[in-house]
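Read the structure below first, then the notes.
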Amino acid sequence: MRMIVPEAGGELDDFGLAQAYAYPRARWLRANMVMSADGSASVDGKSGGLSSPGDKRVFGILRVLADVVLVGSGTVTAEQYKPARPRPALAALRTGRPATATIAVITGSLDLNLAAPLFTEAPPDARTIVITSEAAPADLRAAAGQVADVIVAGKKAVDLPTALTALADRGLGRVICEGGPHLLGQIAAGGLLDELILTISPTLAGPGAGRIVAGDAFPAAAMTLAQALTEDGYLFCRYLLANATS
Ligand SMILES: NC(=O)c1ccc[n+]([C@@H]2O[C@H](COP(=O)([O-])OP(=O)(O)OC[C@H]3O[C@@H](n4cnc5c(N)ncnc54)[C@H](OP(=O)(O)O)[C@@H]3O)[C@@H](O)[C@H]2O)c1
């Protein structure tokens, strides 16, 4: 994998990639998504069909750099989320932090499989977090609390600014949102996104699947292309939102 923007460069090893994707601030919300060249966010209901070894590598590095992985329950179910994998060779990038980023799941319904590895196999210092609202049934909140840390943010639905503040208060200010499109749509609509990290796959997926954002419409937001890498015909772009540069 090599850089083409802002300047052409040689092959990047994992530490070079980590430098390329370093968080600009201790409190920062970035999203990492993959799409086909014609704008699809999935193939056959999963994003895996758009991925590549390079995309998986960037995905892994972004997790090593993050304090917390923020994800919607739809993606947790569709992609069968598990705890983040420790990367001993990159331990130097996590000095003073748990070996892995915490996974934080956003759900209003609390319709989660609490027996899944995401909950049963998370390490004690990076226990999975469930973020829900006051409207969630109390018995389901209590059940989630047996296997996860529970954050209640918002009355009828999760209030994302409140949730992000609660995460930052726990020392989890460097956030990587891994989707899905409904969660990213709300984050973007709320002006909460600092950075979009987008893999563009050299694939024509055809009509049918949704885009990387879904939900309610929001005004178009200009972004700056801060960086682009390439490998095997894939483009790995870093876009900064206007609010991030101020
Ligand atoms: N291309 C990519 O990079 C990429 C990335 C991720 C996912 N995907 C694909 O996207 C699909 C899943 O995405 P999705 O958009 O359907 O789901 P999603 O955004 O992952 O999750 C949506 C769910 O999150 C919860 N949620 C979100 N915002 C909430 C709020 N403010 N308050 C309370 N709950 C909230 C709700 O859960 P409850 O229903 O539990 O209340 C909602 O149903 C899958 O096909 C996956 O493969 C693609």
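The values are calculated or read from the model by the stated rules, or taken from the named source; none is laboratory data. Computed from a prediction, not measured in an experiment: that's the story for all the values here. Note that each Cβ is placed from the backbone with ideal geometry, even for glycine, and that neighbours are counted across all protein chains shown. Accessible surface is based on the protein model in full, side chains and every heavy atom, while ligands, DNA and RNA are left aside. Shrake-Rupley method; radii C 1.70, N 1.55, O 1.52, S 1.80 Å.
Restricting the first residue to the range 67-79 and requiring it to be within 8 Å of the ligand (Cβ to nearest atom), which pairs with a second residue that is aromatic (Phe, Trp, Tyr) meet a Cβ separation below 8 Å and a spacing of at least six or different chains?
The qualifying pairs are Val71/Tyr81; Thr75/Tyr81.
Would you check if Ile131 is within 16 Å of Ala166 (Cα to Cα) and in contact with a Phe, Trp or Tyr (Cβ under 8 Å, 6 or more places away or on another chain)?
The answer is no for Ile131.
What are the residue pairs meeting all of these: first residue in the range 199-223, first residue closer than 28 Å to Arg57 by Cβ and at pLDDT below 95, second residue in a loop (DSSP other than H, G, I, E, B) and open to solvent by 80 Å² or more (accessible area, probe 1.4 Å), Cβ atoms under 9 Å, and 6 or more apart or on different chains?
Ala209/Asp44
Looking at (1) open to solvent by 60 Å² or more (accessible area, probe 1.4 Å); (2) within 25 Å of Leu62 (Cβ to Cβ); (3) more than 9 Å from the ligand (Cβ to nearest atom), find the lone condition where Gly171 falls short.
Here Gly171 meets the rest and fails (1).
Over 17 Å from Tyr21 (Cβ atoms), more than 18 Å from the chain's Cα centre (by Cα), of a type in the set (Asp, Glu) and modelled with pLDDT of 95 or more, is that true of Asp44?
no
Are there any pairs, at least 6 apart or on different chains, whose C-beta atoms fall under 8 Å, with the first in the range 96-109 and within 15 Å of Asp67 (Cβ to Cβ) and at pLDDT 95 or above and the second surrounded by fewer than 20 Cβ atoms within 10 Å (Cβ to Cβ) and acidic (Asp, Glu), and if so, which?
Pro98/Asp125; Ala99/Asp125
Can you go through Leu93, Leu140, Leu114 and tell me which one is within 17 Å of Asp67 (Cβ to Cβ) and surrounded by fewer than 21 Cβ atoms within 10 Å (Cβ to Cβ)?
Result of the check over Leu93, Leu140, Leu114: Leu93.
Applying the selection to the range 94-140, what residues are more than 11 Å from the ligand (Cβ to nearest atom), aliphatic (A, V, I, L, M) and either under 20 Å from the mean Cα position of the chain (by Cα) or part of a strand (DSSP E or B) (or both)?
Ala99, Ala101, Ile103, Ala104, Ala116, Leu118, Ala122, Ala126, Ile129
Residues are listed down the side, and each one gets a yes or a no for (1) open to solvent by 70 Å² or more (accessible area, probe 1.4 Å); (2) basic (Lys, Arg); (3) more than 9 Å from the ligand (Cβ to nearest atom); (4) closer than 17 Å to Thr230 by Cβ:
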position: Phe15; (1), (2), (3), (4): yes, no, yes, no
position: Arg27; (1), (2), (3), (4): yes, yes, yes, no
position: Asp38; (1), (2), (3), (4): no, no, yes, no
position: Ala41; (1), (2), (3), (4): no, no, no, no
position: Gly45; (1), (2), (3), (4): no, no, no, no
position: Gly49; (1), (2), (3), (4): no, no, yes, no
position: Gly54; (1), (2), (3), (4): no, no, yes, yes
position: Val64; (1), (2), (3), (4): no, no, yes, no
